[in-house]
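One structure below.
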Amino acid sequence: MTTETNRSAPASSPGAPAAAPPAVPHRLILPTVLAGVFITTLDFFIVNVAIPSLQTDLHAGASAIEWVVAGFGLAYGVGLITGGRLGDLFGRRRMFLLGMGLFTIASLLCGVAQTSEFLVFSRVLQGLAAALLAPQVLALLGTIFTGPARLKVFAGYGLAMGLAAVFGQLIGGLLIEADIAGLDWRACFLVNLPICLLIMALTVKLVPESKAEGKPKLDFLGVGVITLALVALVLPLIEGREKGWPAWTWGCFAAFAVLLAVFVGVERSIAARGGSPLVNMEMFKDRAFVVGLGCQLVFWMGQASFFLVLALYMQAGRGLSALEAGLLFAAIGAGYMYTSMNATKFAAKLGRQVIAVGAVIMAVGLIVIGITAAQLGDGGHTAWLIPGLAIDGAGMGLAVAPLASTVLARVNPQYAGSASGVLTTGLQIGNSIGVAIIGVIFYNALGDHPVASTYAHAFDMGIYFLVGVAAALALLVQALPRTNAGK
């Protein structure tokens, strides 16, 4: 375990000089940093449980409720690349702490909101804070830990993210059911305060600082262009289905393609002049990084989309409460925990194919879920879904940690924050694309007058799409470079 300080060569270079190890054991640093990704991922998913209560309490319309979710996702997705580069320039621990502080304030504002408009504003601020915080997690892990330890911490990263995603519904349901001090839905936001403050205190005490070498400057032009490009991509993905895909959504997609080409040109020009580009395009010459980034995007296309249709099927179609549905989500978490905690061991034996095996297991689990849901009809007990959910969770856990290590394993520590921002942006865009596509499939199948049987049919249609995503991931993995073991 080493810090990046005084390192002049990539972590993968045998000749890279090793710096003195941190004064505190990695077993203390790791959970502190991982708590950052856990809390931000949790808030992405937990709000879905709170929506019915907050809509009634704040007298919020459908559009405002959409933006409670979309505002966070848009700000988060748009700010990640810039957030990662800020960590390179000004210090990853410093930006982690700043992001966590802003996230704490935003969570407080969400919890005390008296109007839907103020809640939307607070959620946008929360998303911006998460965009500043989240890229520093992978960047810190990639520069503090090296060698076999790095593979283990990436496994921990996948475990933390997955547990937050799959248990978000359960945790939210428990908080609302408990109704502590009459807080109801507000507890889903206010619970962040003591957790964030503890994370910040431990970060100051335990986590070493790291940043890019030299005195690079912030690429303001690059920040402006990529921000516009990502808004042009993410906004129509979030809003398009609800609005019926009007002409402006397709105009945004076209603008994204143009702006992305402009961004690449700007970054190459800055690099050619010896400047400090927001994203160093040299990273994209590494096939492992490019294909791994594609695998990351495809994998996450199947995550938020699956959680969405599963929650709709169980709550609207089967009549389960948020807490009851959350307990079923725990079956995914059980499978996920087992394989995530053993992902390093499996990856050592299977190499890149561990991701493909995870994708195949996900596909099997989804098929089992689809068949079971069809056989349940209107009266069967949803507990029969548990085996398929556990299998699907096991596949997720097997794939998610090796994905992160594949993308970042050979990235020069000089660009760790920037690369982490690109990686996390791929995750967010994958989620948005997946939700947009499955939303069209699910609601078209649901029809205008949904009943239990039409929810089951719509859920099955969504399962077909998700199986296809898992198959696409297994195929894309084959384009990754072979490991030394030839796997």
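Between helix 247-272 and the chain there is an angle of about 10 degrees, using the helix long axis and the longest principal axis of the Cα atoms. For the range 222-300, the list of trypsin sites (Lys or Arg not before Pro) that fall in a loop by DSSP and count at most 16 other C-beta atoms within 10 angstrom reads R273. Counting beta carbons within 10 Å around each of V477, V191 and listing the fewest first gives the order V191, V477.
Here's the picture: charge each Lys and Arg Cβ at +1 and each Asp and Glu Cβ at -1 in the range 24-209, and of G168, T41, S116 the one pushed furthest to the positive end of that dipole is T41.
Measuring nothing but alpha carbons in the range 61-126 and taking Rh as the Kirkwood radius, the Rg to Rh ratio lands at 1.06. Distance between the modelled labels on R94 and L221, one decimal in nanometres: 2.5 nm (7 Å Cα→Cβ projection).
The equivalent ellipsoid of the chain has semi-axes of 34, 25, 23 Å, largest first, where each one is the square root of 5 times an eigenvalue of the Cα gyration tensor. Charges were assigned to the Cβ only: +1 to each Lys and Arg, -1 to each Asp and Glu. The resulting dipole of the range 283-487 about its Cα centre is roughly 1000 debye.
Between the range 115-130 and the range 173-210, the alpha-carbon centres lie 17 Å apart.
Test of understanding: ordering F220, F299, F121, F44 by Cβ neighbours within 10 Å, fewest first, what list do you get?
Fewest to most other Cβ atoms nearby, the residues stand as F220, F121, F44, F299.
Principal axis extents of the C-alpha atoms in the range 24-209 (largest first, rounded to whole Å): 52, 31, 24.
When the helices in the chain are scored as -39500 (n - 2.57) per DSSP H run of 4 or longer and the sum is shared across all residues, what 222 nm value do you end up with, to the nearest 500 deg cm²/dmol?
Numbers: 17 runs with 368 residues, N = 487.
Result for the chain: -26500 deg cm²/dmol, rounded to the nearest 500.
Sorting the Cα pairs of the range 219-277 by distance into bins of 5 Å, from 0 upward, gives 4, 21, 24, 17, 13, 9, 6, 4, 2, 0 percent per bin. For the range 204-315, averaging the sequence separation of C-alpha pairs within contact (under 8 Å, six or more residues apart) and dividing by the residue count gives a relative contact order of 26 percent. Pairs of lysine residues in the chain that meet both criteria, 8 or more places apart or on different chains and Cα atoms under 24 Å apart, total 10.
For the range 219-277, the relative contact order is 45 percent, taking Cα pairs closer than 8 Å that sit 6 or more residues apart in sequence and dividing their mean separation by the residue count.
Charge dipole (Cα centre; +1 on Lys/Arg Cβ, -1 on Asp/Glu Cβ; no other charges) of the chain amounts to roughly 1960 debye.
Within the range 140-235, the trypsin sites (Lys or Arg not before Pro) that combine a DSSP coil assignment with at most 11 other C-beta atoms in a 10 angstrom radius are K217. The distance separating the Cα centre of the range 435-475 from that of the range 31-67 comes to 23 Å.
Tell me, M337, M301, M362 in order of fewest to most beta-carbon neighbours within 10 Å?
Listing M337, M301, M362 from fewest to most nearby Cβ atoms yields M337, M301, M362.
The overall shape of the range 231-337 is oblate: from the C-alpha gyration tensor, with semi-axes ordered a ≥ b ≥ c, the ratio a/c is 1.5 or greater and a/b is no larger than b/c. Peptides 122-130, 225-233 ranked from most to least packed by the mean count of surrounding Cβ atoms within 10 Å: 122-130, 225-233.
When only Cα pairs below 8 angstrom with a gap of at least 6 residues are kept, the chain shows a relative contact order of 23 percent.
Each reported figure results from applying straightforward, stated rules to the coordinates on display, with no laboratory input. As the structure is a computational prediction, the values presented were derived from the model and not from experiment. Here Cβ is always computed from backbone atoms with ideal geometry, including for glycine, and neighbour counts include all displayed protein chains.
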